[in-house]
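Okay, structure first, notes after.
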Amino acid sequence: MPERATRWHVFSDADAVARDAADRILSTAVDAIETRGIFRIVLAGGTTPEKTYRLLAGADADWRAWHIYFGDERCLPADDAERNSLMAAEAWLDHVPVPAENVYAIPAELGAAEAARRYDAVISDAIPFDVVLLGMGEDGHTASLFPGQRHAATERVHAVHDAPKPPPDRVSLSSEVLGNAQQVLILVAGASKQETVAGWRRGEALPVAGITGRNGVDVLLDRAADSGSGSP
Ligand code: 6PG
């Protein structure tokens, strides 16, 4: 049984976090494509993942073998600037030859319930993922799993309503599915996250702490977000 550890990696700043994440993603992709001819990654929204996407846009990789999924999406029109899929396209995917049919956006424009239902079928063939990328909000949310919200344990994709971060309607993979990956990378940067990171390290039951990962999780954080408590 692999150890379900949370491994903490502290970097000087958010750019260094993004560089390390991009390096890990590229090297896992090489291994996956060598072994199985395909690489499956789940993307996150948020500012720190976006920095990683901008680095990947300039990288050399066997893009035709990459398959791109999303951990969560906001229920907005498909071309809305606040969509996670649009951010990933603009920062990265529009600049590399990943085939369009390999990019599996969550159809959140259809509403949370219908989108969740359809995305469940999409991820069926993709689990376990090679890499799941996540961010963390100041309240400890990750993907669109927010503190205090309950979801049916049987669901792999949740329709989310009343999210405290706009927009209120969202779609999110479950914590179990998000942990079902060879590598789970959680990117956290900025002093505004410090208190929450300290709580996480103390064992608080935050949504982000609920992602355990079949091989544990790697938290890549910058010095500003690092509480300094506990050993890295
Ligand atoms: C979203 C994201 C969300 C994000 C965190 C961290 O749809 O908003 O998926 O979970 O990753 O809020 O975002 P920042 O890196 O911008 O703090």
Relative contact order in percent for the stretch 80-176 (Cα pairs under 8 Å, 6+ apart) equals 24 percent
Subtracting the Cα-Cα distance of GLU204 and GLU34 from 0.36 nm times their residue separation yields 57.3 nm
Candidates GLY179, GLY190, GLY148; GNM for the chain (alpha-carbon contacts under 10 Å) flags as most fluctuating GLY148
Most fluctuating of ASN180, ASN84, ASN215 in the GNM of the chain (C-alpha, under 10 Å) is ASN215
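Would you mind calculating the relative contact order of the chain from Cα pairs under 8 angstrom and at least 6 residues apart, reporting the percent as a whole number? Please list the in-between numbers first.
Working: 486 pairs, mean separation 64.5, N = 232.
After rounding, I find 28 percent.
From Cα pairs below 8 angstrom and at least 6 apart in sequence, can you work out the relative contact order of the stretch 73-127, rounded to a whole percent? Walk me through the numbers on the way to the answer.
Working: 42 pairs, mean separation 18.0, N = 55.
After rounding, I find 33 percent.
Do any GluC sites (Glu not before Pro) in the stretch 111-163 lie in a DSSP loop with no more than 14 other beta carbon atoms within 10 Å, and if so, which? Could you put the intermediate results ahead of the total?
Values: sites: GLU114, GLU138, GLU155; in loops: GLU138, GLU155.
Within the stretch 111-163, the qualifying GluC sites (Glu not before Pro) (loop, at most 14 other Cβ atoms within 10 Å) are GLU138.
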Rounded to the nearest 500, the 222 nm mean residue ellipticity computed for the chain from DSSP H runs (n ≥ 4, each -39500 (n - 2.57)) alone is -9000 deg cm²/dmol
What the Cα atoms of the stretch 96-232 span along the principal axes, largest first and in whole Å, is 42, 34, 29
The chain, Gaussian network, Cα under 10 Å: of LEU185, LEU134, LEU76, the residue fluctuating most is LEU76
With Rg from the Cα atoms and Rh as the Kirkwood inverse mean 1/r over Cα pairs, the chain has an Rg/Rh of 0.93
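Given N residues in the stretch 129-187, what is its alpha carbon radius of gyration divided by 2.2 N^0.38 Å?
Details: Rg = 11.4 Å, N = 59, 2.2 N^0.38 = 10.4 Å.
With N residues counted in the stretch 129-187, Rg over 2.2 N^0.38 Å equals 1.10.
Looking at the chain, identify the longest residue range that excludes and avoids all trypsin sites (Lys or Arg not before Pro) in DSSP loops having at most 13 other Cβ atoms within 10 Å. Numbers along the way, then the final one.
Details: sites that count: ARG4, ARG150.
In short, 5-149.
Each value in this text was obtained by applying a stated rule to the coordinates, not by laboratory testing. Bear in mind that the values here come from a model prediction, so they are computed numbers and not experimental data. Heads up, the Cβs are rebuilt from the backbone with ideal geometry, glycines too, and the neighbour counts pull from every protein chain shown.
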